[in-house]
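See below for the structure under consideration.
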Amino acid sequence: MSRGGLRAALGHGAVAFGLLILFGETVALLRAAGPLDPTGVAVLRAGALAPSFVHRVPVDIRLVDAAGAGGLFGEGMEVGFTVRVALLLATAGAGWLLFRGGRRAAKGADGPELRRLLLGISVAVPYAALSAIAALAARDADPAILLGAGFADPGQAAAVPSLWWSVGVPAALGVACGAAGAAAAVPRALGSLGPSLGGAWRMTWLLAAGGTAGVLVVVALHPDDTRAFLDALGARGWAGAAAVLLVTILLLPNVGIGVAVAAMGVPIQLRAGESTCALISLQGRPCGELSVDVSPVHLLFVLVPLAATVAGGWWAARRLEDPTRLRAAAVGAAAGAFFVPALLVSSYLASVAYRLVGPLAEALGEGGVVVGPPLGFVVLGAVPWGVAGGVIGALVAQRPGRGTGPGGGPGPNDSTVLR
């Protein structure tokens, strides 16, 4: 393997992870500027929890009763919960750096396509290894530093991220993004699947971006609620407000994917144990005041999945070397088919899960809370939207008079080639 390509892959993997740690330490330092007053080592260990909250790693948070034998749970008794959340904007940023690392590694190497693809995948090695080290460093860290003094007093809680998930999820992200970057640098490696995979990828990120933009528009249309939120942040002091605002911004794509999936007809549910209610849905039992009342204006969100799937099919067809309407329709449909697992993974990462564990959970009956779309419904919604939108976009790209040159460009006799 090319040493330059390998250095690029390893360097990008390390930089991608380094930015996650920088984010975590920034939030921890902002929180520490408030009334908590933790030690420097405690702040560093709390900041090491950030990769777990970027990759939806299960984090066990144990609350220890400090009242002694006369306390609610008795001396030494622990109760806690497991939380899973992915701050998707940070996840997307890390994935973009891993993609660039895989592409740069493949471009800087010679040899067969398979060898260059493997070189791109090597971005996952430092990324997963450093994630494991961070999980070990964050073991028994005090989550009150990240979650604020209202969560628990310092020294009354300990966080334990899952080591196996801390390795597996970052490794999978690194392999997927590194391989995608290498494939972008070596298009022949994917053969005829390249346009379809690229179209599916564009459907997915356009859906997330469009949903997030729609959420920001709704926020702008409710200035009173926005002002109340900002006033509540101001009561935390500048450091606490900055920390909460930063985390809120990183969570925006989670909400964007949720509303975009809801626009496809998939309900966004709150599932607590065996009970289920709908936060966003045209039908189903609502969750009281938590549910969003769907108005005719909200129906404009249907433009988000429509535009995303049509644009993905259009892009895929434009990359064909021998464009015919039949081939265009086939590649658009294939892009829609690949869109299904991509949206499934995105919806899983966008959801938030919580499960009570310990003696109290045994007494109450162990159960969990999940906020997000049911994954089975995501598949049922993504198939017709992806395939139909992909075919429509591909056929639009093959409109009459477009030309028949390679890659969907103008033909050799087209007078628009030179001006």
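Computed from the coordinates by the stated procedures, all read-outs in this text should not be read as laboratory data. Predicted model, so just to flag it, every value in this text is computed and none were measured. Every residue, glycine as well, gets a Cβ built from its backbone with ideal geometry; the counts of neighbours run over all protein chains shown.
Close amide H partners of GLN269, meaning residues 5 or more places away or on another chain with modelled amide H under 5 Å apart, are LEU279, GLY372.
A Förster radius of 41 Å, combined with the Cβ-Cβ distance separating LEU245 from LEU193, puts the computed FRET efficiency at roughly 0.50.
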